[in-house]
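Structure record follows, encoded as structure tokens.
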Amino acid sequence: MDPISRYQSRKDELDALKGELENHARKGDPGPVAQRVLEAAGDLLRRTQRVPADSSLVDAALKLLTADGLESFADGLSTQELRSRLQRCADEAVEAALPDSDEDSGTWSQWAMQGLLARDRAESARCALDRLIRLGRTDATPVHARLAAALEQLDADTKYLAAALTALNASRRTERDLLDPEVRAHAWWFSARADAHEDGLVKALGSDDSSGLSGAEAAVSKEVGKPRKRPASFDELFRFDLGLATDAEGALIAAQKKVSPDFAKALAAMEEGERAILELTGGAPIADNVRPLRRAAGQGPGASSGSGQVVEERHEFRVLLFRRAQRVHLVVQPARDGALAAAAVFLPDAPERGRPSHATEAGLDFELGPEQQLERVTARVVVTLKGGRSTTLAVKL
Amino acid sequence: MLTDDELFAEISKSRTEGRDFHRPLGELVARWRDHSATVVRRVQGAFMRGSPDDADEIFQDAVVKFMSRGLEQFRGVSEQVPGKAASPKTFFLRIVKHCAIDRYRRQREDLEDHKGYDSEDDVSEVSRHEAARAVKESQAKTDQSEAHQEYWAAYRRLQREHPNEAAAWDLYHHQDVEDHVECARLLNITVANSYKRVSRAQAWLKLYLLETRNKEQ
């Protein structure tokens, strides 16, 4: 649905909600209905020029909201969730500007815009509460004050994301121009750095060539471009030795071995130390299980299986990410019968303790916890194949 | 006398039940001290670095690592890669081995880090003008160091939030693999993918630095 039709349809939605409230048709918690009324009313109140609506309809619907409904709406509101959503939206905007394949760009943009629309709906609710106070409803005052303070803090903390959001400028400009002129500047999620000359900013930041940048962007580009070395850490080398290194860690070690005679000597010392340990403990040599398996397919928003997203696909197995009932699951699925011996998933808060799992028809299902707590977390997935070979993957949740 | 495995099982049990386990742990690692010295000697021989006096310090480092993370890690490795952890003793000796390697790698890197700096003995008596210049240069070095730390903080964040992009950037930029064909081969991805990951990594690193500087202001 195009943006203007979406806002036009708010009138019908508000009319229907008004009818429900008049007839007391909806039982149970009045908070969700109050939220829908406030958001729909606010959307129309902030777009009076491009989406004219009968103000008596808006006022009548707002007046029907009960004090309980407003309280319940305020209790259920989580600006923390909005904050995470906006941060994810900035990540998605960067993916939209620099996608793995051109066809992914549109999908990333759509997802990112959903985050901005969520922030905008919260603003509409605040605006509708303001209107309700003007209509004489003093019980809306504390709810409005709480929401306004929370949103002010949220904006102060997230406004810097505008640089990343420039990747969505075409859609942001469309949304900005639907707003009444006096509320545009405040809606930074649509209006900050939204002019056409900013459109290429993320692409320019993603380039080695910083000649098109100026000011703060040029300064950080210079900093990032400075030559730097990073030696493999104790933990990376230890994980490599134990056969738990990810593909990336294995690649880092291979690259350093190639260019640094000193590092090659460290690896030789590691092997010599291992020989000493085997002699001292009488252990049998252990099969080399640190060699990474070849990757069959990459990540991408387009790849999916059922309602899950394929986050890793190998010859022997694939890993799917599911979000069910606001909980995150990873499913390790064998690609052919008998290829998989075991799998374990670890989260950073308990890096050595495997998450609980159970076998399902789809594969081995790991329930990782509430979606909200796992925003931007990276899980470590260790898959052991028949024959003892194992591989470790980093999966961003 | 309890065997190593029995003593280790008792330590694990005490730990799970929240009881003090330091004394039995001390007893257990003391049994492995001699073997630990042998491993250190073999690493020193292969590395062509170190002295016999290092063995004690390396052993202490290894005990600290084993206590702080190793006990949990041992359980994790036993579950993930059956056979690789083998026994608590084997696992401990591997920690010893890595502590020794880390020590000698660090010594080498510390020397290299200081290559670019002048020794204090080289500085002759300076004029007021030269002193002012020295203060300015010192400030520039401090700023440079802060920017350096700011960059690595941003990189660590990239590793947490976008591990695939961080891995590609690490190879491309920190490991001098400035060739996307080679990056792609090492990471088992396509060349186009390597280009994209490096681009996104750069964009995110710069956005993180902008965010940090914006918050500081």
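Here are the numbers:
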read-out: Top-ranked residue of region A:220-231 - restricted to ones that are open to solvent by less than 30 Å² (accessible area, probe 1.4 Å) and under 29 Å from the mean Cα position of the chain (by Cα), ranked as farthest from B:Tyr151 (Cα to Cα); value: A:Ser221
read-out: Qualifying residue in region A:170-186 (condition: modelled with pLDDT of 95 or more and in contact with a Leu (Cβ under 6 Å, 6 or more places away or on another chain)); value: no
read-out: Qualifying residue in region A:316-329 (condition: surrounded by 15 or more Cβ atoms within 10 Å (Cβ to Cβ), at pLDDT below 80 and away from chain B (no Cβ under 12 Å)); value: yes
read-out: Residue list for region B:1-42, restricted to those being under 19 Å from A:Glu279 (Cα atoms), open to solvent by 40 Å² or more (accessible area, probe 1.4 Å) and not in a helix (DSSP H, G or I); value: none
read-out: Considering residues of region A:224-248 that are at negative phi and touching a residue at least 60 places away in the same chain (Cβ under 8 Å) only, the residue farthest from the other protein chains (Cβ to nearest Cβ); value: A:Ala245
read-out: Residues of region A:77-111 that turn out to be within 14 Å of another protein chain (Cβ to nearest Cβ), in contact (Cβ under 8 Å) with a residue 12 or more places away in the chain and either assigned to a helix (DSSP H, G or I) or among the charged types (D, E, K, R) (or both), as a count; value: 18
read-out: In region A:353-377, residue modelled with the lowest pLDDT [restricted to those that are crowded, with 18+ Cβ neighbours inside 10 Å and touching a helix residue (DSSP H, G or I) at 6+ places or on another chain (Cβ under 7 Å)]; value: A:Gly354
read-out: Subset of region A:191-201 [under 17 Å from A:Ala97 (Cα atoms), within 23 Å of the chain's Cα centre (by Cα) and open to solvent by less than 70 Å² (accessible area, probe 1.4 Å)]; value: A:Ala194, A:Asp199, A:Gly200, A:Leu201
read-out: For A:Gly136: the one exception among (1) part of a loop (DSSP other than H, G, I, E, B); (2) crowded, with 22+ Cβ neighbours inside 10 Å; (3) not acidic (Asp, Glu); value: (2)
read-out: Residue tally, condition at positive phi and buried (at least 20 other Cβ atoms within 10 Å of the Cβ), over region B:167-208; value: 0
read-out: Complete set of residues in region A:14-32 that are outside any helix (DSSP H, G or I) and either open to solvent by 80 Å² or more (accessible area, probe 1.4 Å) or among the acidic types (Asp, Glu) (or both); value: A:Asn23, A:His24, A:Arg26, A:Lys27, A:Asp29
read-out: Boolean, A:Leu77 is of a type in the set (A, V, I, L, M, F, W, C), touching a helix residue (DSSP H, G or I) at 6+ places or on another chain (Cβ under 8 Å), buried (at least 16 other Cβ atoms within 10 Å of the Cβ) and modelled with pLDDT of 95 or more; value: no
read-out: Qualifying residue in region B:183-195 (condition: at the interface with chain A (Cβ under 7 Å from one of its Cβ atoms), under 24 Å from B:Trp152 (Cβ atoms) and out of contact with any Leu (no Cβ under 8 Å at 6 or more places or on another chain)); value: no
read-out: Single match in A:Ala150, A:Ala125 (criterion: crowded, with 23+ Cβ neighbours inside 10 Å, of a type outside the set (Lys, Arg) and in a helix (DSSP H, G or I)); value: A:Ala125
read-out: The one condition in (1) modelled with pLDDT of 80 or more; (2) open to solvent by less than 80 Å² (accessible area, probe 1.4 Å); (3) not assigned by TED's automatic domain parsing to the domain that holds B:Tyr195 that B:Glu161 fails to fulfil; value: (3)
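The values are calculated or read from the model by the stated rules, or taken from the named source; none is laboratory data. Since this is a predicted model, take the numbers as computed values, not measurements. Every residue, glycine as well, gets a Cβ built from its backbone with ideal geometry; the counts of neighbours run over all protein chains shown. We work out accessible area using only protein heavy atoms, side chains counted, and drop any ligands, DNA or RNA first. Shrake-Rupley method; radii C 1.70, N 1.55, O 1.52, S 1.80 Å.
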